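Asks: After the structure tokens below, expect a handful of questions from me.
The values are calculated or read from the model by the stated rules, or taken from the named source; none is laboratory data. As the structure is a computational prediction, the values presented were derived from the model and not from experiment. Positions of Cβ are generated from backbone atoms using ideal geometry, with glycine treated the same way; all protein chains shown enter the neighbour counts. Quick note on the areas: whole protein, heavy atoms, side chains included, nothing else; ligands and nucleic acids left out. Shrake-Rupley method; radii C 1.70, N 1.55, O 1.52, S 1.80 Å.
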Amino acid sequence: MKTVAVILAGGEGSRLGVLTAKRTKPAVPFGGKFRIIDFALSNCVNSGLFDVMIVAQYRPHSLIEHIGAGGPWELDRERTGGVRIYSPYKSREAGSWFVGTADAVQQNFLFVKDRRPDLVVILSGDHIYRMNYNDLIAKHLERRADVTLATMEVPDHEKSRFGIVQLDQDERVTSFVEKPKDPIPGLGSMGIYVFNYGVLDRVLLEDSRMPESNHDFGKDILPRMIARGERVFSWKYAGYWRDVGTIESYWEAHMDLIGEPPLYDLNDLGWLIHTRSENRPPARLSKGAQVSDSLITHGCTIAQDALIERSILSAGVRVEPGAVVRESVLLTDCVIERGAVVERAILDKRARVGQGARVGAMPQGDDEPGSRRFTVLGKNAVIPAGFVVGAGAEVGPDVIPSDLGGSPLPEGAAVFTKRRPHEV
């Protein structure tokens, strides 16, 4: 049974703010050494799916550089299988910016057709989870389904972010409502589908000829198939899964890695997450440095009397003497200078916090979901010595001291560089 995997990796990720100012969401770093797309890619190769197509759209440069020829995932294959990345294109006959998930697959469907598969697994490239797709495929074949959806339990307060699926006693899907405004009974669709190849070819072509369609699997194709009685089934997933599409969920997913025990254990050698790693020396902790409940990646240096609590430090992060980092996520090559304090913050690559400066703050009183305030610094942002960035503030990429002025940045404020692109 030949299977092709299609990973949709074109998301703009606007809810991640400055983290996606210069990259697509699946290319956002995660967990100290990975990118978000590594989880879907690793699930593919760990499930024995070595024929993978990635459909990219928004700012794909970081994603393309990261994937390369696919070597870290054993996908650098020339004759059969391998990984290929496709972006929107123009041709004499057709081609345009993708307008929906189904349209993204349809515009590149000739590349699927060339593989002549029996099944097509459609995945999202911006979720953190561990799944053996063979379990989903086996259930799909057992039921002789046209399409099978991976689903999961979703709390009522999150149902507006999901497609909600209702089932009969045989787990056949009877209703699919995309992101309902008010909670309704049912399971949440994970955006993971297994289609019979012929069915997918037919429904995509049909949808492409409907000008009134949104050209989306959740909004159009699946509800249409259900309405006319096609064999649409659910497969319920019970493992760890997170959509890291917001700053809060991105931070929470990192905290899941350092729980006791961790909700998602990166040390599971039976299901490795593969990635493209940098050649860096081992991490170095100086005398008097205190590190607890944290992940410290290769190339980090933690200086004398520095304090790191419940944080993730990516490759090459430098924390100078007496600096404090609490409940924060620091991406590659960030620098926290002497005596600076970083709390409840996310710092993009090469951000620098000056001597004695303060970025973010720990919460006061109850820390309820939805009320959390995370401070975010964009790539290459520089916070000068002694400056204060309030809780929940956002500092854009390439911000320098002259962009900030002399006054502290208040809670919830946002500032971006005043320089023109050619000056950065």
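Asks: Take LYS236, LYS139 and sort them by solvent-accessible surface of the protein heavy atoms, 1.4 Å probe, largest at the top.
Replies: LYS236, LYS139
Asks: Right, something else. For an R0 of 25 angstrom, estimate the FRET efficiency from the Cβ-Cβ distance between ASP256 and HIS157 and round to the nearest 0.05.
Replies: 0.85
Asks: Separate question: Mind giving me the nanometre distance, one decimal, between the label points for ASP168 and SER62, set 7 Å out from Cα along Cα→Cβ?
Replies: The answer from the label model is 4.7 nm.
Asks: To the nearest 10 square angstrom, how much accessible area does LEU377 have with a 1.4 angstrom probe?
Replies: Ignoring ligands and nucleic acids, LEU377 comes out at about 0 Å².
Asks: Cut-off under 18 Å on the C-alpha distance; same-chain residues fewer than 8 positions from LYS22 excluded. Which aspartates and glutamates are left, in chain and number order?
Replies: Within the straight-line limit of under 18 Å, LYS22 reaches these aspartates and glutamates: GLU12, GLU65, ASP126, ASP333, ASP348, GLU394, ASP398, GLU423.
Asks: Could you tell me which of the pairs LYS25/LYS159; LYS25/LYS139; LYS2/LYS25 are separated by over 24 angstrom between their Cα atoms in the structure shown?
Replies: Values: LYS25/LYS159 21 Å; LYS25/LYS139 30 Å; LYS2/LYS25 29 Å.
Pairs exceeding 24 Å: LYS25/LYS139; LYS2/LYS25.
Asks: What is the helix-to-structure angle for 247-257, meaning the angle in degrees between its Cα long axis and the longest Cα principal axis of the chain, kept from 0 to 90 and rounded to the nearest 10?
Replies: That works out to roughly 90 degrees.
Asks: Right, something else. What does the convex hull of the Cα atoms come to per residue for region 202-264, in Å³?
Replies: On the way: hull volume 7.9 nm³, N = 63.
Per-residue hull volume (Cα only) is 125 Å³.
Asks: Per residue, how much accessible area does region 285-377 have with a 1.4 Å probe, in Å²? Present the calculation step by step, with values, prior to reporting the outcome.
Replies: Values: 3590 Å² over 93 residues.
Heavy-atom SASA per residue in region 285-377 reads 39 Å².
Asks: Specify the angular offset, from 0 to 90 degrees and rounded to the nearest 10, of the alpha carbon long axis of helix 133-142 from the longest principal axis of the alpha carbons in the chain.
Replies: Once rounded, one gets 20 degrees.
Asks: Direction-averaged shadow area of the convex hull around the Cα atoms of region 375-416, nm²? List each step's numbers first, then the result.
Replies: Working: hull surface 9.5 nm².
Quarter of the Cα hull surface area: 2.4 nm².
Asks: Take every Cα pair under 8 Å in the chain that's 6+ residues apart, average their separations, divide by the length, and report that relative contact order as a whole percent.
Replies: This gives 12 percent for the chain.
Asks: Placing unit charges on C-beta atoms (Lys and Arg positive, Asp and Glu negative, everything else neutral), compute the dipole magnitude of region 1-95 about its Cα centre in debye, rounded to 20. Can you show the working numbers first?
Replies: Numbers: 13 positive and 8 negative charges, 58 e Å.
Computed charge dipole of region 1-95: roughly 280 debye.
Asks: Here is a follow-up. When the Karplus curve 6.51 cos²θ - 1.76 cosθ + 1.60 is applied with θ = phi - 60°, which whole-Hz ³J(HN,Hα) does each residue of region 193-199 get, with x for Gly and Pro?
Replies: After applying 6.51 cos²θ - 1.76 cosθ + 1.60, I find 10, 10, 10, 5, 4, x, 5 Hz.
Asks: Using heavy-atom solvent-accessible surface (probe 1.4 Å) with all chains present, what is the largest-first order of ASP268, ASP256? Don't jump to the answer; show the numbers that get you there.
Replies: Numbers: ASP268 55, ASP256 20 Å².
Putting ASP268, ASP256 in descending order of accessible area: ASP268, ASP256.
Asks: What are the ³J(HN,Hα) values, in whole Hz, obtained from phi via the Karplus relation 6.51 cos²θ - 1.76 cosθ + 1.60 with θ = phi - 60°, for each residue of region 46-62 in sequence order, with x given for Gly and Pro?
Replies: 3J(HN,Hα) across region 46-62, in whole Hz: 5, 8, x, 9, 10, 10, 10, 10, 10, 9, 10, 8, 7, 6, x, 4, 4.
Asks: Assuming R0 = 35 Å, can you tell me the calculated FRET efficiency for the pair ALA414 and SER292, based on Cβ-Cβ distance, to the nearest 0.05? Walk me through the intermediate numbers first.
Replies: On the way: r = 32 Å, r/R0 = 0.91.
E between ALA414 and SER292, to the nearest 0.05, is 0.65.
Asks: If I stretch the segment between ILE400 and THR246 completely, what's the gain in nm (0.36 nm per residue apart, minus their alpha carbon distance), one decimal? All intermediate terms of the calculation are to be shown ahead of the outcome.
Replies: Working: separation 154, 0.36 × 154 = 55.44 nm, distance 2.53 nm.
The span from ILE400 to THR246 would gain 52.9 nm if fully extended.
Asks: If contacts are Cα pairs under 8 angstrom and at least 6 residues apart, what is the relative contact order of region 213-351 in percent?
Replies: 13
Asks: If each residue of separation counts as 0.36 nm, what is the full-extension length gain between ARG115 and ARG276 once their alpha-carbon separation is subtracted?
Replies: Length difference between fully extended and current span is 55.3 nm.
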